[in-house]
Amino acid sequence: MPELPEVEVVRRGLAPRTVGRTIEAVEVLDSRIIRRQVGGVDRLRGALVGTRMTAVVRRGKFLWWRLADGPDAAEGAGADTGEALMGHLGMSGQLRVRTPGPMSPPLDSEGPASDPLRHRRLTLHLDDGTAIDLIDQRLFGGLWTSPLEPSADGRLAGLGSPDTLLPEAASGIARDLLDPAADLPSIARTLRTRRAGVKSLLLSQSIVSGIGNIYADEALWAARTRYDTPGTELSQRRALSILRAAGEVMERALAVGGTSFDALYVNVDGRSGYFARSLAVYGREGEPCPRCGNLLRRALHQGRSSHYCPRCQRPAPRPRRDAR
DNA sequence: CCCCCCCTGCGA
DNA sequence: TCGCAGGGGGGG
């Protein structure tokens, strides 16, 4: 579930089912899913088993649980452990909540390759019997612990965060456009200092986080700007309008559960979002532009597809030197 | 800053 | 068989 709206759907699904719960066991079915864990599976278990989840936080596409010492801790029960459980879904990751009972799916499915349960890589077992499955076909996602540190600007670390503490693993990740602490004029100014194409800049998680290939294309279409327009050629007004467009399209996607093309992209209950039908350009090469009717195109840009309308998305006009 | 890598699966 | 797929990190 890759981009910001899809990850936020997951965060909202996880919060009511995990906050306040204690982790009783960690089941690792494929250790590649925890390759970013310092100390491997032993250290992961040591850091998690017996701790209580106190919040689920998101910044961009990164998701983490805050952890406190559990009720069994002799001293300091309830105290923050100082480490977060980080999660990233990569290209094909899902976090699914499985509740005990007769209706629950079988633990190990022998179904076809398209059956997502075939790709269960790790499960957290909670004290109320709930299981949190990390399912990931391509294994680009992962779960690992990361020490907390204060956020650089002294504001709340991310959506759902109780304080300013941020996992070290997310320290290089900029704020996202759904974060009330995001400073849009400042992000716009940064975009304008860089010569690279504006789409690559929107995808740079260190400038602004949460935007991926779908929402970058949608935002640039909405702001009538072509993907290869150099950041240095954007006016402040145009840069801001691109950022606003990106925020708006992600808000609209979030409101309908995110974008799903197939069963790979689902919420914690395995259900799809409905935004795919509202996409203007992504995956629609050869179809008419919803704004001007010209046929949409797909171009390869830095190894990834860019979808755009060749007529109504133009590179920003160069500032006129002779204007006076 | 571009290119490659990490992976698996699917459709042309 | 190849190219492509909502991710990110690291190398040259």
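Filter the stretch A:181-237 down to residues that are of a type in the set (Asp, Glu) and away from DNA strand B (no atom under 15 Å from the Cβ) and give me whichever is surrounded by the most Cβ atoms within 10 Å (Cβ to Cβ). Please lay out each step first, then the result.
To start, the set of residues in the stretch A:181-237 that are of a type in the set (Asp, Glu) comprises A:183, A:217-218, A:228, A:233.
Adding the requirement that they be away from DNA strand B (no atom under 15 Å from the Cβ) leaves A:183, A:217-218.
Details: A:Asp183: 14, A:Asp217: 30, A:Glu218: 26.
The extreme case among them is A:Asp217.
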Check: On the given criteria, is A:Ala74 surrounded by fewer than 23 Cβ atoms within 10 Å (Cβ to Cβ) and farther than 18 Å from A:Leu134 by Cβ?
Finding: yes
Note to self: Looking for something without any contact (Cβ under 8 Å) to a residue 60 or more places away in the chain and within 16 Å of DNA strand B (Cβ to nearest atom) - is there at least one such residue anywhere in the stretch A:10-32?
What the structure shows: yes
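Table: residues versus (1) in contact with a Ser or Thr (Cβ under 7 Å, 6 or more places away or on another chain); (2) in contact (Cβ under 8 Å) with a residue 60 or more places away in the chain; (3) farther than 25 Å from A:Leu279 by Cβ.
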site: A:Ser171; (1), (2), (3): no, no, yes
site: A:Asp179; (1), (2), (3): no, yes, no
site: A:Ala182; (1), (2), (3): no, no, no
site: A:Arg195; (1), (2), (3): yes, no, yes
site: A:Leu202; (1), (2), (3): no, no, no
site: A:Ser209; (1), (2), (3): no, yes, no
site: A:Gly212; (1), (2), (3): no, yes, no
Next item on the list: Any residue in the stretch A:87-100 that's assigned by TED's automatic domain parsing to the domain that holds A:Arg12: show its pairings with residues that are acidic (Asp, Glu) and within 10 Å of DNA strand C (Cβ to nearest atom) at Cβ separation under 8 Å, as long as the two are six or more apart or on different chains.
Entry: A:Leu89/A:Glu6
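Quick grid of which residues meet (1) modelled with pLDDT of 95 or more; (2) within 21 Å of the chain's Cα centre (by Cα); (3) at positive phi; (4) surrounded by 14 or more Cβ atoms within 10 Å (Cβ to Cβ):
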| site | (1), (2), (3), (4) |
| --- | --- |
| A:Gly247 | yes, yes, no, yes |
| A:Asp262 | no, yes, no, no |
| A:Arg271 | no, yes, no, no |
| A:Cys289 | yes, no, no, yes |
| A:Leu296 | yes, no, no, yes |
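The values are calculated or read from the model by the stated rules, or taken from the named source; none is laboratory data. Computed from a predicted structure; not experimentally measured. Every residue, glycine among them, receives a Cβ derived from its backbone with ideal geometry; neighbour counts consider all protein chains shown.
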